[in-house]
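Comments concern the structure below.
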Amino acid sequence: MGRHLLIYDVPWWILGKNAKVIQQYHPSLDLMSMSELDLYLEHKSSGELNHQYDHISAMCLGIAAYCVFKNIRIDSAAAVSYYYFSKHYETYREWKDELVPDPDFLRLVIPRIGKLGAINRRLASILQAIAPNASVEYIGHFVDDKLFQPLLIARIDNAPFVIGWAGDPSKTSKNYNTLYMRIKEHFKSDKGIAFIETSGAHTYESMPGFYHKLNLLLNTGANEGSGATVLEAYACGVPVLSTNVGNAKDAAHPAAHGLILDSDSPEDFIHKINHWRSRTDELREIGLRCRSNIESGWRIDHAMSRWLRVLFQI
């Protein structure tokens, strides 16, 4: 099999966490962060790294591009978002807009990546369409269903209906101000609804505690590679009211498909919230069905065979 290397960004972010998960299923795999790569290149050449490893993979297309421009061979890469190869990532609405590709990225980077593994089906089909000579395959995504589990104790009936939001408000593509804040503003005088949000205050390991406070998670992004918070919420038995992005619909139980909207209109989200706020038992049941869907197809072990086959040919 030879020596294999997987390059990721930082150990504390989702790509670094996922890289360590992959290593558990590929024990002979070496991991290298971007800072470790830079340190390596201060003392050795890219040619030495290429010679040292039989297969080099990158956890995202941005890392792959960085390596390519450092003359590091990239045999495979995970495609985890639309960011690097599109020209309008911040506003591109995945469910309706036509993607405008970045011709420089398609010309300079994609041909130098041996194999692309896309983490949602729409992402895979778009990549294949705009780069027909590239080798693209769907690899799906996964969630740690042991860490993210439902809260066994039901919430108190007379408690406020709690809606959560998780993400980076500074990223335009997350629609924090244009969608989430407009929804929150609509309900600001409604004592029956409470909003809580997190933008990095929780560690990855403490995120289940955040989801356990919720009746409903909002996912308001214009596009997502997968939607890690969506999968985590489903695994915790929490339903998600979401734009139709990433794996939000694929990973949901069919009973939850009505919560996945081909819309970024605040009015459409507000209408759904008003419909479900008094149906908490039914909503909880939908969340638990989503948990079952995660158990049947989105656990780590479900996806790992695809990841290892596509990214490392094993």
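Per-peptide packing, taken as the mean over residues of other Cβ atoms within 10 Å, places 66-77, 117-128 in the sequence 117-128, 66-77 from highest down. With r as the distance between the Cβ atoms of Thr172 and Asp54 and R0 = 51 Å, compute the FRET efficiency 1/(1 + (r/R0)^6) and round to 0.05. Using R0 = 51 Å, I get an efficiency of 0.80. Here's how it looks for Ser86: its modeled amide H is under 5 Å from those of Asp102, which are all 5 or more places away or on a different chain. Computed from backbone phi, the HN-Hα couplings of the stretch 235-243 come to 5, 8, x, 10, x, 10, 9, 9, 5 Hz, rounded to whole numbers (Karplus: 6.51 cos²θ - 1.76 cosθ + 1.60, θ = phi - 60°; Gly and Pro given as x).
For Ala79, the amide hydrogen comes within under 5 Å of the amide hydrogens of Gly117, Ala118, Ile119, counting only partners 5 or more places away or on other chains and with H modelled in the peptide plane.
When only the Cβ of Lys, Arg, Asp and Glu is charged (+1, +1, -1, -1), the dipole of the chain relative to its Cα centre reaches about 260 debye. Derived scalar couplings between HN and Hα for the stretch 288-295 equal 5, 5, 5, 4, 4, 5, 4, 4 Hz in order, rounded to whole Hz, by the Karplus curve 6.51 cos²θ - 1.76 cosθ + 1.60 (θ = phi - 60°), x for Gly and Pro. Taking the square roots of five times each eigenvalue of the Cα gyration tensor of the chain, the equivalent ellipsoid has semi-axes of 37, 21, 17 Å, listed largest first. Annotation: amide H-H contacts under 5 Å for Val162 (H modelled 1.01 Å from N, sequence separation of 5 or more, or interchain): Ala194, Asn215, Leu216. With axes computed from alpha carbons, what is the tilt in degrees of helix 266-276 against the longest principal axis of the chain, rounded to the nearest 10 within 0 to 90? Orientation of helix 266-276: about 60 degrees from the principal axis.
Taken over the alpha carbons of the stretch 1-154 as equal point scatterers, the Debye sum produces base-10 log I(q)/I(0) values at 0.11, 0.17, 0.18 Å⁻¹ of -0.47, -1.03, -1.13. Applying a threshold of 28 Å to the alpha-carbon distances of Lys70/Lys249; Lys70/Lys96; Lys213/Lys249; Lys146/Lys191 flags Lys70/Lys249; Lys70/Lys96; Lys146/Lys191 as lying beyond it.
Put a dot 7 Å past the Cα of Glu36, heading toward its Cβ, do the same for Leu152, and the two dots end up 3.8 nm apart. For the stretch 161-297, the gyration tensor built on C-alpha atoms gives a rounded shape. Its axis ratio a/c (a ≥ b ≥ c) stays under 1.5. With distances taken between every two different alpha-carbon atoms, the stretch 183-245 has a Kirkwood hydrodynamic radius of 12.8 Å. Across the stretch 226-256, the residues whose backbone nitrogen lies under 12 Å from the label position 7 Å along the beta-carbon direction of Arg279 are 255-256.
Shape summary: the stretch 82-207 maps onto an equivalent ellipsoid whose semi-axes, from the alpha-carbon gyration tensor, are 37, 20, 12 Å in decreasing order. Taken along the Cα-to-beta-carbon direction at a fixed 7 Å, the label points for Arg306 and Lys188 span 4.3 nm. Couplings 3J(HN,Hα) of the stretch 64-80, computed from phi: 4, 5, 4, 5, 4, 6, 9, 6, 8, 5, 10, 7, 7, 8, 7, 9, 10 Hz, in residue order, whole Hz [Karplus 6.51 cos²θ - 1.76 cosθ + 1.60, θ = phi - 60°; x for Gly and Pro].
The stretch between Arg112 and Glu267 holds 51.3 nm of extra length on full extension. This uses 0.36 nm per residue minus the Cα-Cα distance.
Every read-out reported here was derived from the displayed coordinates using simple, explicitly stated rules and does not represent laboratory data. Quantities reported herein were computed from a predicted structural model and do not represent experimental measurements. Every residue, glycine among them, receives a Cβ derived from its backbone with ideal geometry; neighbour counts consider all protein chains shown.
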